[in-house]
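Trainee: Below is a structure I'd like to ask you about.
The values are calculated or read from the model by the stated rules, or taken from the named source; none is laboratory data. Here the structure is a predicted model, which is why all the values come from computation and not from measurement. Neighbour counts run over all protein chains shown; Cβ positions are idealised from the backbone, glycine included. These area figures cover heavy atoms from the full protein model, side chains too; ligands, DNA and RNA do not enter into them. Shrake-Rupley method; radii C 1.70, N 1.55, O 1.52, S 1.80 Å.
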Amino acid sequence: GNTAEAKTLLPMMRTLLARWPLKRVVLVADRGLLSVNNLQQLQQLQAELHGAGRDVRLEYVLAVPAARYGEFAEQIDALAACNDNATPWVAETTWSPGDAKPKARRGAQQGAQQAAQQPAASHRLVIAHDPAAAQRRTQQRRQQIDELTALGQQWGARLDAQDAGQRRRGRPTSDPGATARLYHAVKDAQLAHVIKVDLHSELFQFSIDEARLQHLQRLDGKLVLVTNTDAPAAEVVDRYKSLADIERGFRVLKSEIEIGPVYHRLPRRIRAHALVCFMALLLHRVLRMRLKASNRQESPQRLLEQLRRVQHHTAQTADGHTLRGLTEMGAQQRELFAAVDLPAPTPTHAQTPLHAAPTPAV
């Protein structure tokens with residue numbers, strides 16, 4: 001919990017390799033794990049394993065953070081010029097992180113000499129373009145810019161009216177005050193690199209960096225991956241996008257299944273709790289797969305909400321008879337049972353005690 005995500009990669013890889021006799025490891029990680037140090041450490045670990053006689057292949061597919069897309073602007077522009085950005089495309093090129101600067105101050109000169117002596121390794125760079133995502137991001141940014149521009153023009157018009165002698169209700173607006181308010185609004189929208197508010201001018205003024213805006217629009221819809229695998233570029237993109245399925249599982253465990261907090265003290269009970277939650281996650285995944293195969297739009301959570309209304313009732317009469325019944329199901333609930341390929345319960349099932357009723361296999 002108190003360790004940066006990028007620093008957890010190498011220790012976990014060593015633990016994994018020490019525990020299991022693996023022959024090939026393909027690391028697919030999100031943007032938080034991409035760093036030049038991690039790539040170098042993976043190469044060093046690969047060399048150590050080969051030196052120890054272990055025939056293990058360490059491969060990775062790492063996403064580039066959007067904040068670092070500027071470092072790959074040349075490669076992105078070159079591939080975008082060779083493809084039709086109105087349609088999805090996947091292409092690849094190479095990348096050499098040779099301009100990494102040493103962090104140590106006293107050893108900066110020595111680090112620079114070592115970097116000059118050791119040529120930078122070349123990495124495979126895979127770039128995918130999604131025109132729909134690009135359009136969404138461009139429209140979202142343009143809407144934010146238009147709203148902030150209208151806000152700035154409104155304050156500018158108010159200042160001009162004050163200079164012309166027109167009085168308004170409330171406190172008068174000053175140039176430094178309008179400048180500070182617009183600057184903070186632009187900064188909160190993370191558009192300070194596009195909307196330039198002049199903080200050094202005595203008068204309120206701002207401008208739009210059109211060159212920077214066009215550069216960002218060229219980067220919209222791009223997914224940049226660094227990999228050392230031999231898989232085709234399209235397969236590399238598919239492998240990375242499969243992370244969404246894993247993240248969905250974590251969200252289900254935390255929210256719908258509620259794996260935490262754990263109200264247990266003994267280790268065996270904690271393990272049992274985790275096992276039950278894991279089995280619930282497997283059933284949740286099976287439900288989702290069956291709903292998708294039946295072309296149903298409901299989520300497993302929505303399915304369970306609908307079927308939870310089907311209840312088994314037991315009543316005891318005054319003369320000692322036990323009556324059992326089942327909630328009458330609607331057409332939608334019956335369709336959901338059919339969608340997940342399970343038999344719908346009938347009133348006959350309600351006449352059988354729960355401990356004797358057969359459990360349908362999911």
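Trainee: Looking only at segment 157-178, which residues have a backbone nitrogen under 15 Å from a spot 7 Å from the Cα of E202 in the C-beta direction?
Mentor: Once the point is set 7 Å along Cα→Cβ of E202, 175-177 turn out to lie under 15 Å by backbone N, inside segment 157-178.
Trainee: Suppose the chain between M12 and H193 were pulled fully straight at 0.36 nm per residue; how much longer would it get relative to their current alpha carbon spacing? Each step should come with its number before you reach the end.
Mentor: Working: separation 181, 0.36 × 181 = 65.16 nm, distance 3.74 nm.
Here the segment from M12 to H193 would lengthen by 61.4 nm.
Trainee: Also, I was wondering about something else. Which of the aspartates and glutamates could be linked to K292 by a straight reach, that is with a Cα gap under 16 Å, when you skip same-chain ones fewer than 8 residues away?
Mentor: D245, E335, D341
Trainee: May I ask you to compute the full-extension gain from D146 to H264, defined as 0.36 nm times their residue separation minus their alpha-carbon distance, rounded to one decimal in nm? Write down the numbers at each step before the final one.
Mentor: Values: separation 118, 0.36 × 118 = 42.48 nm, distance 5.37 nm.
Gain on extension, D146 to H264, equals 37.1 nm.
Trainee: Rounding to the nearest 20 debye, state how big the charge dipole of segment 190-266 is about its Cα centre with +1 on each Lys and Arg Cβ and -1 on each Asp and Glu Cβ. Don't skip to the end; give the middle numbers.
Mentor: On the way: 10 positive and 12 negative charges, 56 e Å.
The calculated dipole for segment 190-266 is roughly 260 debye.
Trainee: Here's a follow-up. Points 7 angstrom from Cα along the Cβ direction at D245 and A318: gap in nanometres?
Mentor: For D245 paired with A318, the spin-label model returns 6.1 nm.
Trainee: What percent does the relative contact order of the chain come to when contacts are Cα pairs within less than 8 Å and at least six residues apart?
Mentor: Working: 346 pairs, mean separation 51.9, N = 362.
Relative contact order comes out at 14 percent.
Trainee: Solvent-accessible area per residue for segment 253-352 at a 1.4 Å probe radius, Å²? Each step should come with its number before you reach the end.
Mentor: Numbers: 7300 Å² over 100 residues.
I get 73 Å² per residue for segment 253-352.
Trainee: Under 5 Å between amide H atoms, partner at least 5 residues away or on a different chain: which partners does Y60 have, H built in plane at 1.01 Å?
Mentor: Residues meeting the amide H criterion: L27, N228, T229.
Trainee: Tally Lys and Arg at +1 and Asp and Glu at -1 over the other residues with C-beta under 15 Å from the C-beta of A233: what net charge comes out?
Mentor: On the way: positive: R124, K222, R239, K241; negative: E59, E92, D130, D230, E235, D238.
Every neighbour counted, the sum reads -2.
Trainee: Considering the chain, what Rg and Dmax in Å follow from its alpha-carbon atoms?
Mentor: So, for the chain, Rg and Dmax equal 30.0, 96 Å respectively.
Trainee: Anyone know which of H129, H321, H313 comes out most mobile in the 10 Å Cα GNM of the chain?
Mentor: Looking only at H129, H321, H313, the largest GNM fluctuation is found for H321.
Trainee: Also: Taking R0 as 22 Å, what's the FRET efficiency between S299 and V26 from their Cβ-Cβ distance, rounded to 0.05?
Mentor: Numbers: r = 30 Å, r/R0 = 1.34.
Calculated value: 0.15.
Trainee: Moving to a separate point now. What is the spin-label model distance, in nm, from E74 to Q153 if the labels are put 7 Å beyond Cα along the C-beta direction?
Mentor: Label at E74, label at Q153, 4.0 nm between them.
Trainee: Accessible area of the chain with a 1.4 Å probe: how many percent of it is carbon plus sulfur? Provide the component values of the computation, followed by the final result.
Mentor: On the way: 12650 of 24130 Å².
On the chain, the fraction of accessible area on carbon and sulfur atoms equals 52 percent.
Trainee: So which residue, out of N295, N37, N228, gets the largest mean-square fluctuation from a GNM of the chain using Cα contacts under 10 Å as springs?
Mentor: Taking springs between Cα atoms under 10 Å, the residue moving most is N295.
Trainee: Moving to a separate point now. At 7 Å along the Cα-to-beta-carbon direction for both T346 and H50, put a label point, then send me their distance in nm to one decimal.
Mentor: Rounded to a tenth, the inter-label distance reads 6.7 nm.
Trainee: Using protein chains only and a probe of 1.4 angstrom, how many square angstrom of T348 are accessible, to the nearest 10?
Mentor: Accessible area, nearest 10 Å²: 100 Å².
Trainee: Size of the dipole of the chain about the Cα centre, Lys and Arg at +1 and Asp and Glu at -1 on the beta carbon, nothing else charged, in debye to 20? Intermediate values should be presented prior to the final figure.
Mentor: Numbers: 48 positive and 36 negative charges, 270 e Å.
Computed charge dipole of the chain: roughly 1300 debye.
Trainee: Only Cα pairs within less than 10 Å get springs; with that Gaussian network setup on the chain, which residue of Q316, Q154, Q41 has the largest fluctuation?
Mentor: Largest GNM mean-square fluctuation: Q316.
Trainee: Peptides 243-249, 134-140: what's the order by average Cβ count within 10 Å, highest mean first? Walk me through the numbers before you get to the answer.
Mentor: Numbers: 243-249: 12.0, 134-140: 14.3.
Ranked from most to least packed, the peptides come out as 134-140, 243-249.
Trainee: Evaluate the charge dipole of segment 150-292 about its Cα centre and quote only its size in Debye, nearest 20, assuming +1 on the Cβ of each Lys and Arg and -1 on the Cβ of each Asp and Glu.
Mentor: Working: 24 positive and 16 negative charges, 226 e Å.
Value, rounded to 20: 1080 debye.
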